[in-house]
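Structure first, commentary second.
The values are calculated or read from the model by the stated rules, or taken from the named source; none is laboratory data. Not measured: the values here are computed from a predicted model. Counting neighbours? That spans all protein chains shown, and the Cβs are built from the backbone with ideal geometry, glycine included.
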Amino acid sequence: MPKDQLSTDMILDEKVMIFIVMASEMFKKKSSAILRQYGLTFPHYNVLKYLTACKEGQDSVGNISKHMLVTGANVTGLAKRMQKAGLIERKNDKKDERLTVLQITPMALKTLDEIRNIQEQHVGEYLQVYAREQKEEVLSVLKHIVRKGKQLAGSKY
């Protein structure tokens, strides 16, 4: 491949990544404003949405930290604040008492239900003009980018 072509491709690749970050930051900023009205932060929301997808609404701190791409210590601090707010319960794993499990509370489920329509409308503002197939294609590409990023990070997450 000619050097000029490589340079052009690198510039394009960097632009793609920058626009992914920009879209993410815009989405996060408006979502945070919506969530704040319900006493939640964006990380709270991410943990709660993750837990709703888990069996029995619970999972280990380790799995949550991998999902959120942060350290276990970060999730532990977040979990303490969420427990204090009544959003989750913290308990020891039944099979391995060394592991801490977080479980979503009925109060948090009620809060998520109250937010659902507003958040769906917000998400729709970004994606409503795209066909399902386009969204699935973009999702596939982004999942691949995340998997590659995890590999490059040496499975830190």
Only one of (1) exposed (fewer than 12 other Cβ atoms within 10 Å of the Cβ); (2) farther than 25 Å from R36 by Cβ; (3) modelled with pLDDT under 95; (4) not hydroxyl-bearing (S, T, Y) does not apply to E136, and that is (3)
Taking segment 30-48, which residues are farther than 20 Å from K84 by Cβ and surrounded by fewer than 19 Cβ atoms within 10 Å (Cβ to Cβ)?
K30, A33, I34
Single match in I64, I18, I34 (criterion: over 23 Å from I115 (Cβ atoms) and either part of a helix (DSSP H, G or I) or among the hydrophobic types (A, V, I, L, M, F, W, C) (or both)):
I18
With the condition kept exactly as written, say whether any residue in segment 87-102 is part of a helix (DSSP H, G or I), among the hydroxyl-bearing types (S, T, Y) and either free of Cβ contacts under 8 Å to residues at least 12 places away in the same chain or surrounded by 12 or more Cβ atoms within 10 Å (Cβ to Cβ) (or both).
no
Could you say which residue among Y130, Y126 is over 21 Å from N63 (Cβ atoms), assigned to a helix (DSSP H, G or I) and either of a type outside the set (S, T, N, Q) or modelled with pLDDT under 95 (or both)?
Y126
Index of the failed condition, L112 passing every other in (1) out of contact with any helix residue (DSSP H, G or I) (no Cβ under 7 Å at 6 or more places or on another chain); (2) surrounded by 12 or more Cβ atoms within 10 Å (Cβ to Cβ):
(1)
Do we find a residue being acidic (D, E), free of Cβ contacts under 8 Å to residues at least 40 places away in the same chain and farther than 24 Å from Q119 by Cα anywhere in segment 3-10?
yes
Across segment 40-61, which residue is nearest to R116 (Cα to Cα) among those that are in contact with a Leu (Cβ under 8 Å, 6 or more places away or on another chain) and hydroxyl-bearing (S, T, Y)?
Y45
Residues that are assigned to a loop (DSSP other than H, G, I, E, B), touching a residue at least 60 places away in the same chain (Cβ under 8 Å), surrounded by 10 or more Cβ atoms within 10 Å (Cβ to Cβ) and not aliphatic (A, V, I, L, M): does segment 145-157 have at least one?
yes
Within segment 122-129, is there a residue that is of a type in the set (S, T, Y) and farther than 24 Å from L35 by Cβ?
no
